[in-house]
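The values are calculated or read from the model by the stated rules, or taken from the named source; none is laboratory data. Remember, predicted model here, so these are calculated numbers, not experimental data. Cβ atoms come from the backbone with ideal geometry, glycine included; neighbour counts cover every protein chain shown. In case anyone asks, the SASA skips ligands and DNA or RNA and just uses the protein heavy atoms, side chains included. Shrake-Rupley method; radii C 1.70, N 1.55, O 1.52, S 1.80 Å.
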Amino acid sequence: MTTAEPPNGLHHRNRKAPQSDENTSHAWGRNIAQEEDLRQWHNHAQRVKVRVLEQVQDQLSNLLDVALTESVQPFTQIPSVNGKTTKKPPSSSQRMDDGKVFVARPSLLDELFEINHIRTIYHMFIAVLLIFCMSTLAVDYIDQGRLVLEFDLLFYAFGKLGTVTWAWVVMFTYTLLVPYYALVFWGSMYHSSTSKLGLSIGVGLALSAVQTYILGQFPIHVVVHYQLPPASRFIVILEQIRFLMKSYSFIRETAPVVMKNPPKEGESPRFPTFSSYLYFLFCPTLIYRESYPRNSHIRWKYVGVTLGMILGCLFYGYFILVRLCVPLHTQETNLPFSKRTMVLAVFNSILPGIMLLLLCFFAFLHCWLNLFGELLCFADRMFYKDWWNSTSFANYYRTWNVVVHDWLYYYGYRDFLWLSERKFRTAAMLSVFIVSAVVHEYALAMGLGFFYPVMFVLFAIFGVVFNFTMNDKRRSPVFNVIMWAGLFLGQGVQVCLYCQEWYAQIRCPRTGNSFLELVTPRSWSCR
């Protein structure tokens, strides 16, 4: 029978020890060996852990690299009937020189949720929603002696949906028919006309006039005349903006093709099919193409889960407003205005503000767009990128909302450079910022029912400053912390000031309709 070799330097002493000491020495040696084995296994586990984390990081990096590489590949992947993808050379409208290239790719969060560590963060948000529900039930039971979840604020916000429906039908019918047939009318006469410029200007002015009335004044009239509640207002106004951007993209992408491709003798001009334009009005992109990469089938389970997440986000936002915003600002209206009150209100609004920001991102940019993408088999799901890893505000603006960014880049920034022969890049960037800030402020002003340019100031002034100071040269993780701190503080300011103005409009309604009274915030004078 063999035993473990004792440590060096103790062999001679142990040989002369009594039998009991020898047994103790053997046990002590075994313990030392076991401890050494444990240390070795612990070190091995640490090395394995490091390698696994490095592999996960490499996989995520490769995933992002592939997504970026595919976006500049000179081909698109078109799924065949059996679900396999084939490489197809691009048409003249899909080269990088002509605009965005669409490729089949999933949304980033869908792939990240396959990692348990990332999915746990999603579970944490669900747990917080359950806590909100339990808190509301407990408060109702203590205050009123009943266990009923009331959604009065939610029902109020989405009131008058009948008016919203017929207004949407009018805007959709116009956008579907008028721009398309205006293009067909212009294109059928363009190459045979003796005055191509006069024809183009005439048709363009006529279409602009009709656009101004149907997609410009009509939605505003519906919102103001019928006194729609906030959520219903946002539906009408956001659909107005979406239809304007879609119709512009359709004209902008197809008119140059018609001009550059005169029909052969005895042939009619070639126009986009009506079905492709109808598909474009519903698919989750603002860049028109005659065809997009398509999936082979609809995953109905994915549709059901995504729809459930949208409803969950809706109730989540409701509980945030009811539990965190309404109590804070209803109590604040009874306090005299002071710097201390304002500072405390801003910092108390940071938590609901950032939660609402994340909810809007997840509900709309991930769930809503993926829902329509799945129902329409739209394969390019890159609606956003990894904006949360941004170390610069310039990268954050590019990656937060890729759908809108693409439209602003191709039809705002790039067209501005083309008109200026690439001489005024800074002016092009500033023009895009100003247009984006004006549209955001317009949507908020019409949706909330008052003008208070907090969003415009934060976007057009602070956003521009941060865009140039915190640019893509900033790579340190410290700048990611600064970016998140700016988002936290900005959301706190917006939630605080807009909530104050909302209650000021209720407590001190306007006495007239003069321009000065309409643009002056009531919270400045209402006490």
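Taking segment 439-485 as the range and being open to solvent by less than 50 Å² (accessible area, probe 1.4 Å), at pLDDT 85 or above and among the β-branched types (Val, Ile, Thr) as the test, only 454 passes. Give me the pairs: first residue in segment 281-293 and within 19 Å of residue 178 (Cα to Cα), second residue among the hydroxyl-bearing types (Ser, Thr, Tyr), beta-carbon distance under 6 Å, and six or more apart or on different chains, which are they? Between residues of segment 281-293 that are within 19 Å of residue 178 (Cα to Cα) and residues that are among the hydroxyl-bearing types (Ser, Thr, Tyr), the close pairs are 286/249; 287/249; 288/249; 290/276.
For (1) closer than 21 Å to residue 486 by Cα; (2) open to solvent by 20 Å² or more (accessible area, probe 1.4 Å); (3) touching a Lys or Arg at 6+ places or on another chain (Cβ under 8 Å), each residue gets a yes or a no:
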| site | (1), (2), (3) |
| --- | --- |
| 328 | no, yes, no |
| 352 | yes, no, no |
| 355 | yes, yes, no |
| 361 | yes, no, no |
| 375 | no, yes, no |
| 378 | no, no, yes |
| 385 | yes, yes, yes |
| 393 | yes, no, no |
| 412 | no, yes, no |
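Applying the selection to segment 389-430, what residues are touching a residue at least 12 places away in the same chain (Cβ under 8 Å) and of a type in the set (Phe, Trp, Tyr)? Those that are touching a residue at least 12 places away in the same chain (Cβ under 8 Å) and of a type in the set (Phe, Trp, Tyr): 393, 396, 397, 400, 407, 409, 410, 411, 413, 416.
Condition (residue is among the acidic types (Asp, Glu) and modelled with pLDDT of 85 or more) applied to segment 140-153: is it met by at least one residue? There is no residue in segment 140-153 that is among the acidic types (Asp, Glu) and modelled with pLDDT of 85 or more.
For segment 238-253, check the following and say yes or no: at least one residue is farther than 26 Å from residue 380 by Cβ and either assigned to a helix (DSSP H, G or I) or touching a residue at least 12 places away in the same chain (Cβ under 8 Å) (or both). No: zero hits. Close Cβ contacts (under 7 Å, 6 or more residues apart or on different chains) running from residues in segment 339-354 that are more than 15 Å from residue 326 (Cα to Cα) to residues that are open to solvent by 30 Å² or more (accessible area, probe 1.4 Å) comprise 341/335; 354/488; 354/491. Being modelled with pLDDT of 90 or more and among the aromatic types (Phe, Trp, Tyr) is a condition met by at least one residue of segment 395-407. Inclusion of residue 247 among residues that are under 22 Å from residue 439 (Cβ atoms) and polar (S, T, N, Q) is warranted. The lone criterion from (1) outside any helix (DSSP H, G or I); (2) open to solvent by 70 Å² or more (accessible area, probe 1.4 Å); (3) farther than 29 Å from residue 163 by Cα left unmet by residue 289 is number (2). In the set (1) under 20 Å from residue 178 (Cβ atoms); (2) touching a residue at least 60 places away in the same chain (Cβ under 8 Å), residue 206 fails one condition alone, (2).
Residues are listed down the side, and each one gets a yes or a no for (1) modelled with pLDDT of 90 or more; (2) buried (at least 16 other Cβ atoms within 10 Å of the Cβ); (3) over 30 Å from residue 219 (Cβ atoms):
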position	(1), (2), (3)
252	yes, yes, no
268	no, no, yes
283	yes, yes, no
316	no, yes, no
